[in-house]
Amino acid sequence: TMAHSKDLLVLENFIGGKFVPCSSYIDSYNPSTGDVYCRVPDSGKEEVEAAVKAAKYAFSSWSSKSPLERSQILNKLADLIEHDLEAFAQAESKDQGKTITFARTVDIPRAVYNFRFFASSILHHTTECTEMATMGCVHYTSRTPVGVAGLISPWNLPLYLLTWKIAPAIACGNTVVAKPSEMTSVTAWMMCKLLEKAGVPPGVVNVVFGTGAKAGEALVCHPDVPLISFTGSTLTAQRITEKSAPHCKRLSLELGGKNPAIIFDDADLTQCIPTTLRSSFANQGEICLCTSRIFVQRGIYSEFLKTFVAEAKKWKVGNPSDPTVDVGALISKGHLEKVRSYVKKAQAEGARVLCGEGVDSLVLPTGNQKGYFMLPTVIAEVKDESCCMQEEIFGPVTCVVAFDTEEEVVERANSVKYGLAATVWSSNVGRVHRVARRLQSGLVWTNCWLVRDLNLPFGGMKASGIGREGGKDSYEFFTEVKTITIKH
């Protein structure tokens with residue numbers, strides 16, 4: 001039964017330091033039950049206009065604060081989120097469908113750390129200086145904030161990826177208008193409630209909720225938003241690029257992946273198998289860095305496959321709020337159908353589905369029968385040209401295939417349009433370095449997965465995006481550099 005409107009959580013836009021109601025709303029679903037549980041503003045041009053105006057107004061005083069002053073405010077905000085960590089984790093799990101365990105240990109701690117990291121890094125950047133003694137000149141560079149930053153974040157890691165954009169943007173002295181995904185807006189709204197207490201002045205962080213087609217479009221097309229940072233699909237990124245071209249906006253686009261794991265016959269399988277299960281199925285496979293193509297050297301292929309499938313079957317699917325559950329619900333009914341359709345296509349092409357979707361029965365608790373759940377699914381004998389090996393599925397589905405030589409596997413790993421992340425498993429140091437160099441990928445993890453140092457560049461090659469984010473990279477993206485020459 002559908003909840004009565006009085007029981008629903010109703011979000012409001014946060015503009016110029018105040019919560020502002022909207023004239024129309026969108027339903028947001030609880031993915032683990034299939035019920036509407038929240039109403040999200042359906043913002044458009046008008047709301048974006050008000051938010052940009054507030055951000056423009058706040059810019060001059062915020063950008064003239066010292067890095068230390070901004071740093072202290074970011075640290076205070078981190079403390080406030082951390083203080084409410086459990087409430088944020090519960091909200092993220094309910095809204096997104098991810099397990100409470102993942103929200104508690106990954107999403108919210110990382111959101112807190114995003115603020116702490118940029119609060120610290122903003123204090124340590126230096127600019128360049130060169131001397132031309134013969135000309136009697138000194139050149140130096142200066143960096144200033146760009147202005148109003150438009151930040152558009154996705155539904156898979158809602159607060160984690162929103163704060164990864166907000167933190168560097170405001171640390172550098174910009175003001176922001178952010179648009180989270182309309183499917184997962186609750187934690188962004190909760191964060192807005194803490195901004196004033198943290199000392200963030202009105203208008204520095206504005207959050208406008210709504211769809212990409214309406215709110216996102218208005219933000220990308222706004223002439224007073226010189227910079228857009230977007231994480232999401234390659235298709236949406238193409239539209240953002242077209243719409244922002246007439247305004248010459250600077251873009252940072254972090255898009256999808258079709259990430260390979262390359263497992264050589266000298267890999268330590270006791271480490272490799274549990275890590276590759278995580279890299280395939282963590283967060284329901286809804287992470288742009290997830291492994292979806294596993295290349296295993298022929299000598300260990302059958303052994304790997306047998307163990308991998310047996311272990312995948314142990315992953316528990318069910319109510320995300322149960323701390324013993326490994327796999328929560330997928331984000332939406334439409335997305336679940338899309339992911340399932342890939343498994344059907346693989347079967348139609350003659351691939352073998354070894355466990356999961358359509359093979360094993362999914363038993364769900366009483367309250368979760370209408371939720372959007374799917375078992376971890378392993379597919380073998382898939383052809384490289386299959387859509388299951390070429391397109392991003394973004395669910396708990398991974399394909400396992402055999403290879404013979406290093407040369408061959410590098411070529412096959414590179415034969416997709418994406419190039420975000422890759423993992424390499426081998427105990428041969430020379431081989432690890434050789435293969436890592438040749439993979440067309442912005443990130444390569446060897447004998448591990450998702451170990452991140454936020455100082456280092458993050459981003460993809462090819463259709464996986466444009467630009468890099470990280471300590472130095474985000475600073476460069478969110479500031480304008482100027483070369484100044486002084487003749488003395």
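The values are calculated or read from the model by the stated rules, or taken from the named source; none is laboratory data. Since we're looking at a predicted model, the values are computed, not measured. Here Cβ is always computed from backbone atoms with ideal geometry, including for glycine, and neighbour counts include all displayed protein chains. Note: accessible area is taken over every heavy atom of the protein model, side chains too, but ligands, DNA and RNA are not part of it. Shrake-Rupley method; radii C 1.70, N 1.55, O 1.52, S 1.80 Å.
Points to keep in mind about this one:
- For the chain, calculated [θ]222 nm from helices alone, where every DSSP H run of n ≥ 4 adds -39500 (n - 2.57): -11500 deg cm²/dmol
- Ordering of 18-29, 275-286 by burial proxy (mean other Cβ atoms within 10 Å per residue, highest first): 275-286, 18-29
- Structural descriptor for the chain: relative contact order 19 percent, calculated from alpha carbon pairs under 8 angstrom and at least 6 residues apart.
- With every protein chain in place, the stretch 181-312: carbon and sulfur % of accessible area (1.4 Å): 57 percent
- Gyration tensor (alpha-carbon) shape descriptor, the stretch 260-446, a/c threshold 1.5: prolate
- Using the 1.4 Å probe convention, the accessible area of the stretch 260-446 works out to 40 Å² per residue with neighbouring protein chains retained.
- Antiparallel DSSP beta bridges within the chain, as percent of all bridges there, nearest 5: 45 percent
- Exposure check, 1.4 Å probe, all protein chains in place: Glu392 carries approximately 40 Å² of accessible surface.
- D (Stokes-Einstein, µm²/s), Kirkwood Cα radius, the stretch 189-242, 1.306 mPa s at 10 °C: 122 µm²/s
- Per residue, the convex hull spanned by the alpha carbons of the stretch 239-282 comes to 114 Å³.
- Total charge dipole magnitude, the chain, about the Cα centre, Cβ charges on Lys, Arg, Asp, Glu only, Debye to nearest 20: 600 debye
- Shape of the stretch 62-209, Cα gyration tensor, a/c cut at 1.5: prolate
- Computed from the alpha carbon positions, the gyration tensor of the stretch 202-296 leads to an equivalent ellipsoid with semi-axes of 38, 15, 11 Å, biggest first.
- The value obtained for the stretch 391-488, namely the Cα convex hull volume divided by the number of residues, is 175 Å³ per residue.
- For the stretch 74-117, the solvent-accessible area with a 1.4 angstrom probe is 35 square angstrom per residue.
- Dimensionless Rg/Rh of the chain - Kirkwood Rh, Rg from C-alpha atoms: 0.99
- If the chain linking Asp404 and Ser24 were pulled fully straight, counting 0.36 nm for each residue of separation and taking away their Cα-Cα distance, it would gain 131.0 nm.
- Note on Thr130 and Lys313: their simple-model spin labels are 6.5 nm apart, each label 7 Å out from Cα toward Cβ.
- Rounded to the nearest whole Hz, the Karplus-based 3J(HN,Hα) values (6.51 cos²θ - 1.76 cosθ + 1.60, θ = phi - 60°) of the stretch 26-36 follow the sequence 10, 7, 10, 9, 8, x, 8, 10, x, 9, 6, with x at glycine and proline.
- With all protein chains modelled, accessible area of Thr236 [1.4 Å, Å²]: 60 Å²
- Ordering of 93-106, 432-445 by packing [mean C-beta count within 10 Å, highest first]: 93-106, 432-445
- Carbon plus sulfur fraction of accessible area for the stretch 38-103, probe 1.4 Å, in percent: 53 percent
- Residues of type aspartates and glutamates that Lys45 reaches as a straight line, Cα spacing below 17 Å, ignoring anything fewer than 8 places off in the same chain: Glu12, Glu182, Glu217, Asp224
- Which listed pairs, of Lys249/Lys333; Lys249/Lys417; Lys193/Lys370; Lys314/Lys344, have C-alpha distances above 29 Å, in listed order: Lys249/Lys333; Lys193/Lys370
- Value of relative contact order over the stretch 193-314, rounded to a whole percent, pairs C-alpha under 8 Å and six or more apart: 20 percent
- Label-reachable residues, the stretch 75-102, where backbone N falls under 19 Å from a point 7 Å from Lys197's Cα toward its Cβ: 75-92
- Share of alpha-carbon pairs per 10 Å distance bin for the stretch 294-353, given as whole %: 18, 31, 39, 12, 0
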